[in-house]
Amino acid sequence: MRALLQRFSFLLMVLAAIGLMMMTRVDPVFIDAARARVTDAFAPILGFIARPAGAVASVLESGRQLTALYAENQRLREDNERLRQWQQTALRLEAENNSLRGLLAYKPDPAASYITARVIADPGGAFVRTLVVMAGQRDGVRRGQAAMAGQGVIGRVVQVGEWSSRILLVTDLNARIPVVLETTRQRAMLSGDNSDQPRLMYIPRGVEPTVGERVFTSGHGGLFPAGLPVGIVAATHDGETRVTPIVDLSRIEYVQLVDFGIPGGLAAEAAQPGAMQ
Amino acid sequence: MAVGIWQRLDQAGRNSVPFSTTVAAMLVGMMPLQLPDYSFVAPPLTLMAIYYWAIYRPDLLKPYMAFGIGVLQDLLAGSPLGMSALVYVLAYWLVLTQRRYFLGNSFWFLWLGFALVAVGAGAVQWVAYSLMTAHLVAPGNVVAQALLAIVLFPLPAWCFSKLHRSLLS
């Protein structure tokens, strides 16, 4: 009798779990709210645990750097030299650009504002590519904002709690970012598939992206501002083009959430986190 | 007077060790370690904790607790709600039916059992996720995760058994 009861209770729980999976499809908004609440509740603990992890990571990192100190120094010196020249060019171009804009009465995009947040969890697992950061609604984070680290886009905000939020990385199965290729100005969709290198989709026949070419956000769909660097074309074969994200996604300590003043683009709503799993 | 309040508190604290270590294992598993490619194959510490306690103290880590921890993990990790819960309940069930083979035998049996559970858990997750997204996910990460979990199992298991011996016997 007891064994029967036990078997029944297990069966019940299995069914409940399957029911929960169904419910994500039926009422994603409710589930999203629940996720945000729970993440909020655990954010302080996760933030606390993340601190020693950060310390360990930086010790490992500095050990790794020590071995390559000399070569690194050499490289940086050369880089610096080259970048100084670029800086001159950039300044000249900026001045020229400003004067030309003045001539055209060009209306610039609204200025972007940034929210910087610490990464407190990298829940990972084999199926999702997300980060949890310590900034939320009260810090001005909104769903759909672009997330950047260093110099490139890493993903977008898909869930916002009171003081924590979740970022869907560009490599996640559900990530789609409208992009444009640097040289051909060809539009495409950068589509994650849980591998390290997302794919470029919807490139017309005949357009052959070159390896090493950079990929920028195109600004279509109103989700991201145009012209943010996302990645570099890594390889193309059999019509499949892979892009290496410009930022090393496994080493992100801080992210910048970009609010560029376009209130909730269309795509922000289309990207309900029911589809986020 | 039978037992004092302090004694009872002490006992309650000790009895909550399996549950609290499992939750702690889940949270530690989410630590951003910033190792390249680590988070995709991070060993499922929660599964290890559930496996260990389901074998040694199923009276203190009840099946519904495994279910609850699974739901909590899904909410926190952003994975499909119910997926981890399903995996943990199934793992618990499997362990409970095979418990007498693992208990009392050598550590090798415990390890072997976990290997079976880890592979099974990976398979269930993979099938569930592929069905949910209607998309055949590349199984590479799942396989790597299961292998890493099997290799690393002795370390967490040793920690659990230390806690087990010092606090619960």
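Numbers at a glance
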quantity: The stretch B:119-165: number of residues that are within 12 Å of chain A (Cβ to nearest Cβ) and under 19 Å from B:THR21 (Cβ atoms); calculated: 2
quantity: Residue within the stretch A:7-17 that is under 30 Å from B:LEU35 (Cα atoms), of a type in the set (Lys, Arg) and at the interface with another protein chain (Cβ under 10 Å from one of its Cβ atoms) present; calculated: no
quantity: Out of A:THR217, A:THR210, sole residue that is surrounded by fewer than 16 Cβ atoms within 10 Å (Cβ to Cβ) and β-branched (Val, Ile, Thr); calculated: A:THR210
quantity: Matching residues, the stretch A:97-134, being of a type in the set (Gly, Ala, Ser), surrounded by fewer than 23 Cβ atoms within 10 Å (Cβ to Cβ) and in a loop (DSSP other than H, G, I, E, B); calculated: A:ALA105, A:ALA111, A:ALA112
quantity: Some residue of the stretch A:136-148 being in contact with a Gly (Cβ under 7 Å, 6 or more places away or on another chain) and of a type in the set (Val, Ile, Thr); calculated: no
quantity: 1 or more residues closer than 18 Å to A:LEU173 by Cβ: qualifying helices (runs of 4 or more DSSP H) within the stretch B:103-169; calculated: B:107-133, B:140-152
quantity: Residue selected from the stretch A:31-48 under the condition over 11 Å from A:GLY161 (Cβ atoms) and in contact (Cβ under 8 Å) with a residue 12 or more places away in the chain, by the criterion farthest from the other protein chains (Cβ to nearest Cβ); calculated: A:GLY47
quantity: Search result, residues across the stretch A:18-30 that are within 8 Å of chain B (Cβ to nearest Cβ) and either surrounded by 15 or more Cβ atoms within 10 Å (Cβ to Cβ) or not in a helix (DSSP H, G or I) (or both); calculated: A:ILE18, A:LEU20, A:MET21, A:MET23, A:THR24
quantity: Selection status of A:ARG187, out of contact with any helix residue (DSSP H, G or I) (no Cβ under 6 Å at 6 or more places or on another chain) and closer than 28 Å to B:LEU35 by Cα; calculated: no
quantity: Filter result for B:GLY70 (surrounded by 24 or more Cβ atoms within 10 Å (Cβ to Cβ), facing chain A (nearest Cβ under 10 Å) and at positive phi); calculated: no
quantity: Some residue of the stretch A:148-165 being at pLDDT below 90, closer than 18 Å to B:GLY29 by Cα and not in a strand (DSSP E or B); calculated: no
quantity: Strands (runs of 3 or more DSSP E) lying entirely in the stretch A:181-262 (those with 1 or more residues that are within 14 Å of chain B (Cβ to nearest Cβ) and at pLDDT 85 or above); calculated: A:187-191, A:199-201, A:240-245, A:254-259
quantity: Residue match in the stretch A:150-159 (condition: buried (at least 23 other Cβ atoms within 10 Å of the Cβ), under 13 Å from the mean Cα position of the chain (by Cα), under 18 Å from A:ARG242 (Cβ atoms) and not small (Gly, Ala, Ser)); calculated: yes
quantity: Residue ID - farthest from B:THR133 (Cα to Cα), chosen from residues in the stretch A:9-61 that are acidic (Asp, Glu) and under 22 Å from the mean Cα position of the chain (by Cα); calculated: A:ASP40
quantity: Matching option when the condition is within 8 Å of chain B (Cβ to nearest Cβ) and among the aliphatic types (A, V, I, L, M), among A:VAL56, A:VAL133, A:VAL141; calculated: A:VAL56
quantity: Residue within the stretch A:240-248 that is under 22 Å from A:ALA111 (Cα atoms), within 14 Å of the chain's Cα centre (by Cα) and surrounded by 21 or more Cβ atoms within 10 Å (Cβ to Cβ) present; calculated: no
quantity: For B:PHE109: the one exception among (1) free of Cβ contacts under 8 Å to residues at least 12 places away in the same chain; (2) among the aromatic types (Phe, Trp, Tyr); (3) under 29 Å from A:SER164 (Cβ atoms); calculated: (3)
quantity: Failed item in (1) closer than 30 Å to B:ALA25 by Cβ; (2) in contact with a helix residue (DSSP H, G or I) (Cβ under 7 Å, 6 or more places away or on another chain); (3) at pLDDT below 90, with A:ARG143 passing the rest; calculated: (1)
quantity: Residue within the stretch B:93-113 that is of a type outside the set (A, V, I, L, M), buried (at least 24 other Cβ atoms within 10 Å of the Cβ) and at the interface with chain A (Cβ under 9 Å from one of its Cβ atoms) present; calculated: no
quantity: Helices (runs of 4 or more DSSP H) lying entirely in the stretch B:1-97 (those with 1 or more residues that are touching a residue at least 40 places away in the same chain (Cβ under 8 Å) and more than 25 Å from B:VAL143 (Cβ to Cβ)); calculated: B:5-15, B:17-29, B:45-56, B:63-77, B:83-97
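The values are calculated or read from the model by the stated rules, or taken from the named source; none is laboratory data. Computed from a predicted model, the values in this text were never measured in an experiment. With ideal geometry, Cβ positions are generated from the backbone for all residues, glycine too; neighbour counts draw on all protein chains shown.
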